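Every number here is computed from the coordinates shown, using simple stated rules; none is lab data. Computed from a predicted model, the values in this text were never measured in an experiment. Methodologically, a virtual Cβ is constructed for each residue, glycine included, from the backbone with ideal geometry; neighbour enumeration extends over all protein chains shown.
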Amino acid sequence: MPQPAAKAKFSAKIIASTKKRKNVEDYSKSMSISETVWKTEPSGKAADTRSTPGHVFEDTYAEHIAALSQSKKKINASEAPFNEQRNAAASWNRAEGERHLDLVMDAIQEEDERPNAEQLEFLRHFIARLKVEILEAHRGEVNQSNAEPLLDLVHGLPGTAESAVIKRMRRLMEDGLGWEHGVQFVCLAFQNAMAAQINGYTIHHWTGIPVHNEDGAATGDKHKQSIKCQALRVVIIDEVSMISAELLGALEHVVRTAVRVKGTYKKRSIASTRVFGGVNLVMCGDFWQLHPVPGTYWI
């Protein structure tokens with residue numbers, strides 16, 4: 001008769017063999033089920049109504065692809081190439097814009113903190129240019145006269161309210177003409193704190209010019225810049241004394257390159273190209289304050 005120890009060892013071998021055989025059978029069944037599931041043709045039916053299981057995540061996958069496709073359509077729509085019909089809407093001028101400009105200007109002069117004589121003279125100068133462009137747009141005679149777009153510098157010592165002048169220019173464009181910041185006009189500054197004070201953008205953020213530009217040649221995404229400049233008519237720069245000659249030159253290059261020729265003031269009658277692509281430019285600052293930290297001081 002077999003000894004107890006040998007009998008126990010024999011039983012253990014049988015149990016192990018049986019367990020191994022069962023594992024092999026279970027594995028074979030799992031592989032068979034997997035092949036059945038993944039080889040099933042795609043079905044448009046919901047998972048709980050199918051006669052066969054189908055792809056496990058087929059419905060979720062289809063929803064994901066549809067959502068991804070829709071998302072791409074939205075992105076493409078916001079960065080689409082120039083379109084005259086869309087630009088016509090973006091270039092919209094409020095009906096009777098000249099009259100509304102005068103009404104807003106009258107309201108500004110009646111405020112408790114009204115502009116002084118020099119500020120008032122500049123604001124009237126600013127309005128006069130806007131009226132010229134509105135009139136030419138209504139007549140379909142854009143860039144037919146010899147009048148030049150604004151290329152102005154508003155300079156003053158601390159406390160002379162350059163920021164107040166910027167706010168009033170914005171009010172004239174927004175309330176008087178119904179223009180939108182970032183579409184028909186944009187306010188820019190060098191640093192975030194300065195840009196926040198005028199509810200504008202930093203130059204690097206708006207243009208896409210890299211902050212750390214090693215070779216000085218990179219000027220951002222030209223396609224996105226062309227979209228931003230489709231209807232652009234006014235650029236206002238605050239604290240211009242802190243902007244280096246290199247950055248100011250890069251900004252001019254970006255705007256001039258992005259502005260199209262048709263329906264703008266980019267080209268003179270003699271075919272020469274205006275700086276900033278014929279967009280009106282107003283620079284505000286105090287050159288007695290800090291010079292640019294990096295780059296060349298351009299005054």
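Summary of values
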{"read-out": "Largest-first ellipsoid semi-axes for segment 91-200, taking √(5λ) over the Cα gyration tensor eigenvalues, angstrom", "value": "24, 17, 14"}
{"read-out": "Selection of GluC sites (Glu not before Pro), segment 188-254, meeting DSSP coil and at most 12 other Cβ within 10 Å", "value": "GLU214"}
{"read-out": "Per-residue Cβ neighbour rank within 10 angstrom, fewest leading, LEU130, LEU172", "value": "LEU172, LEU130"}
{"read-out": "FRET E, pair ALA107, LEU151, Förster distance 22 Å, beta-carbon r, rounded to 0.05", "value": "0.20"}
{"read-out": "Size-normalised alpha-carbon gyration radius of segment 88-285, reference 2.2 N^0.38 Å", "value": "1.01"}
{"read-out": "Separation in nanometres of the label points that stand 7 Å from Cα toward Cβ, at SER32 and LEU135", "value": "9.1 nm"}
